[in-house]
Amino acid sequence: MDKLIIEGGRRLEGTVAISGAKNAVLPVLAATLLTSGRNKISGVPRVRDVFTMIRLLGELGARLESFEGDTLVIDTSGVNNPEAPYELVSTMRASCLVLGPLLARLGQARVSLPGGCAIGARPMDLHIKGLQAMGAEIELVQGYIHGTAEKGLKGDHIYFDTVTVTGTANLMMAAALADGETILENAAREPEIIFLADVLGRAGAKIEGQGSDVIIIQGATALKPIECRIFPDRIEAGTFMIAAAITGGDVEITNCIPHHLESLIHKLREAGIQVEPGDNSLRVKGQDRFRSIDIKTQPHPGFPTDLQAQTMALMTLAEGQSIIVENVFENRFMHAAELMRMGAEIFLDGHTAIVKGVARLSGAPLMATDLRASASLVLAALAAKGESVISRVYHIDRGYEGIEKKLVQMGASIRRVK
Ligand code: UD1
């Protein structure tokens with residue numbers, strides 16, 4: 001298993017270009033199952049979750065024609081297998097995104113339940129309830145969701161008890177090939193959901209309201225193959241913003257969409273860090289000393305849970321005490337224990353973490369536990385005194401394209417050992 005060895009204490013300087021958004025490309029890849037033909041997607045990041053989704057689509061009968069540069073072509077005319085096996089779903093929860101498309105396309109689906117993951121139980125009850133409302137019969141058999149909709153799916157009025165991103169995506173995709181109108185209330189408003197709605201719209205479904213919490217979808221009888229370019233990853237961009245801040249560096253982040261990062265921009269400024277947005281770029285100038293800030297994670301446009309761990313790493317070195325409340329997932333503070341091994345002072349109480357800023361962190365052997373937690377450890381290690389060795393970095397490879405290459409380019413001392 002690969003490890004990252006980081007010698008901390010270097011300011012990051014220079015430019016870094018952001019890759020396509022992982023959480024945008026995964027639902028779009030699942031949406032290709034709704035079509036029958038050659039789908040062309042560009043701006044695709046070469047991260048492990050993308051390769052897992054491509055393998056899953058292959059299992060279902062799609063064929064990857066090519067993946068050159070950042071453009072892939074996938075032919076979905078042969079999709080005929082409704083089963084998403086445990087071996088793949090258990091490595092990537094977003095595999096559950098094929099449930100809605102398979103039911104809509106084949107009238108049946110057998111998708112393994114993802115099970116627990118490091119950041120919490122993450123059930124799929126809301127996906128299932130929505131599909132049942134649309135006429136699917138669903139049973140749980142030996143850890144698999146067995147769904148059938150022999151006469152096809154029918155539009156319905158669906159209310160989500162909790163805002164769910166993949167739940168909204170799954171039902172929007174199912175509704176795109178359902179009979180009649182589907183209304184999704186308390187829907188997710190993430191940029192990735194708006195993008196998926198636009199992609200489905202160009203393929204032939206009629207969708208209104210994306211970006212608000214009520215999305216209305218008129219199903220089509222067939223959808224045209226998808227052609228699109230994935231937009232830049234806001235979480236990757238946010239991680240590099242914090243990398244600049246935590247090392248007291250000066251970094252220009254290119255190929256990013258500043259308005260997707262409003263909450264982080266505001267919070268970094270509150271901490272006293274200079275952030276200058278351009279049209280498609282952001283310049284972040286760190287300061288030797290910065291203030292503590294409080295954050296509460298929330299669905300978009302609130303502060304993203306996917307940047308909570310990285311912000312906690314930053315707060316370990318702030319002046320003063322910071323309160324971090326995690327409202328989206330029940331168990332997303334595993335990085336705290338690792339940060340404490342580097343000298344951070346963190347007190348956990350349920351969904352709340354109190355972080356007392358310290359003058360310095362020191363390098364340590366560290367263990368990555370999930371994707372964003374790993375990113376927070378890399379950030380802390382960049383700022384720490386001495387060497388850190390981060391093991392289980394396969395977590396970080398799930399969602400960051402060439403992270404060490406990008407950091408080295410800005411002056412970090414980081415290398416990968418097998
Ligand atoms: C997506 C993102 C993930 C991000 C998360 C929250 C993708 C591929 N992943 O994950 O990076 O951290 O949104 O922004 O886009 N819930 C239920 N029942 C359900 C579904 C969800 O109770 O049927 C709960 C979850 O346990 C969680 C909350 O809803 O507490 C939000 O989860 P959700 O938005 O579904 O997260 P994902 O879509 O899995």
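Tabulated data for the structure shown
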quantity: Evaluation of residue 297 against (1) more than 16 Å from residue 348 (Cα to Cα); (2) crowded, with 21+ Cβ neighbours inside 10 Å (one fails), failing number; calculated: (1)
quantity: Restricting region 1-31 to residues that are among the β-branched types (Val, Ile, Thr) and touching a helix residue (DSSP H, G or I) at 6+ places or on another chain (Cβ under 7 Å), the residue that is nearest to the ligand (Cβ to nearest atom); calculated: 25
quantity: Enumeration of residues in region 334-345 that are within 23 Å of residue 23 (Cα to Cα) and open to solvent by 20 Å² or more (accessible area, probe 1.4 Å); calculated: 334
quantity: Lone unmet requirement of (1) without any contact (Cβ under 8 Å) to a residue 40 or more places away in the chain; (2) open to solvent by 40 Å² or more (accessible area, probe 1.4 Å); (3) within 16 Å of the ligand (Cβ to nearest atom); (4) in contact with a helix residue (DSSP H, G or I) (Cβ under 7 Å, 6 or more places away or on another chain) for residue 348; calculated: (3)
quantity: Residue that is among the acidic types (Asp, Glu) and open to solvent by less than 10 Å² (accessible area, probe 1.4 Å), where the choices are 49, 75; calculated: 49
quantity: Selection from region 55-83 of residues that are out of contact with any Lys or Arg (no Cβ under 7 Å at 6 or more places or on another chain), of a type outside the set (D, E, K, R) and closer than 24 Å to residue 127 by Cα; calculated: 56, 57, 58, 60, 61, 62, 76, 80, 81
quantity: Top-ranked residue in region 166-199 [being part of a strand (DSSP E or B) and surrounded by 24 or more Cβ atoms within 10 Å (Cβ to Cβ); ranked as nearest to the ligand (Cβ to nearest atom)]; calculated: 184
quantity: Matching residues, region 130-144, being more than 24 Å from the chain's Cα centre (by Cα), more than 10 Å from residue 103 (Cβ to Cβ) and within 14 Å of the ligand (Cβ to nearest atom); calculated: 132, 133, 140
quantity: Within region 394-415, tally of residues that are under 20 Å from residue 362 (Cβ atoms) and surrounded by fewer than 20 Cβ atoms within 10 Å (Cβ to Cβ); calculated: 2
quantity: Selection within region 208-235 - outside any strand (DSSP E or B) and either within 16 Å of the ligand (Cβ to nearest atom) or open to solvent by 50 Å² or more (accessible area, probe 1.4 Å) (or both); calculated: 211, 213, 221, 222, 224, 225, 230, 231, 233, 234, 235
quantity: Residue within region 268-280 that is within 16 Å of the ligand (Cβ to nearest atom), buried (at least 22 other Cβ atoms within 10 Å of the Cβ) and over 15 Å from the mean Cα position of the chain (by Cα) present; calculated: no
quantity: Boolean, residue 256 is open to solvent by less than 10 Å² (accessible area, probe 1.4 Å) and not acidic (Asp, Glu); calculated: yes
quantity: Residue match in region 243-258 (condition: among the hydroxyl-bearing types (Ser, Thr, Tyr), within 16 Å of the ligand (Cβ to nearest atom) and in the same structural domain as residue 328 (by TED's automatic domain parsing)); calculated: no
quantity: Region 300-325, subset under 21 Å from residue 260 (Cα atoms) and part of a loop (DSSP other than H, G, I, E, B), residue most open to solvent (accessible area, probe 1.4 Å); calculated: 301
quantity: Contacts under 9 angstrom Cβ, first residue in region 321-332 being touching a residue at least 60 places away in the same chain (Cβ under 8 Å), partner crowded, with 22+ Cβ neighbours inside 10 Å and of a type in the set (Gly, Ala, Ser), 6 or more apart; calculated: 332/309; 332/373
quantity: Candidate set: region 360-393, residues that are polar (S, T, N, Q) and more than 16 Å from the ligand (Cβ to nearest atom); chosen: the one surrounded by the most Cβ atoms within 10 Å (Cβ to Cβ); calculated: 388
quantity: Residue in region 105-113 that is farther than 23 Å from residue 394 by Cα, within 12 Å of the ligand (Cβ to nearest atom), modelled with pLDDT under 95 and in the same structural domain as residue 196 (by TED's automatic domain parsing) present; calculated: no
quantity: Per-region count, region 145-165, residues within 16 Å of the ligand (Cβ to nearest atom) and open to solvent by 40 Å² or more (accessible area, probe 1.4 Å); calculated: 5
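Okay, residues lined up against (1) assigned to a strand (DSSP E or B); (2) among the hydrophobic types (A, V, I, L, M, F, W, C):
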residue: 242; (1), (2): no, yes
residue: 245; (1), (2): no, yes
residue: 251; (1), (2): yes, yes
residue: 256; (1), (2): no, yes
residue: 261; (1), (2): no, yes
residue: 267; (1), (2): no, no
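Residue-wise test of (1) modelled with pLDDT of 95 or more; (2) away from the ligand (no atom under 16 Å from the Cβ); (3) touching a Phe, Trp or Tyr at 6+ places or on another chain (Cβ under 9 Å).
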site: 285; (1), (2), (3): yes, yes, no
site: 289; (1), (2), (3): no, yes, no
site: 296; (1), (2), (3): yes, no, yes
site: 302; (1), (2), (3): yes, no, no
site: 306; (1), (2), (3): yes, no, no
site: 311; (1), (2), (3): yes, no, yes
site: 319; (1), (2), (3): yes, yes, yes
site: 325; (1), (2), (3): yes, no, no
site: 331; (1), (2), (3): no, no, no
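The values are calculated or read from the model by the stated rules, or taken from the named source; none is laboratory data. For clarity, every value in this text was computed on a predicted model and none was experimentally measured. When we count neighbours, we look across all protein chains shown, and the Cβ atoms used for this are built from the backbone with ideal geometry, even at glycine. Heads up: the accessible areas ignore ligands, DNA and RNA and are worked out on the full protein's heavy atoms, side chains in. Shrake-Rupley method; radii C 1.70, N 1.55, O 1.52, S 1.80 Å.
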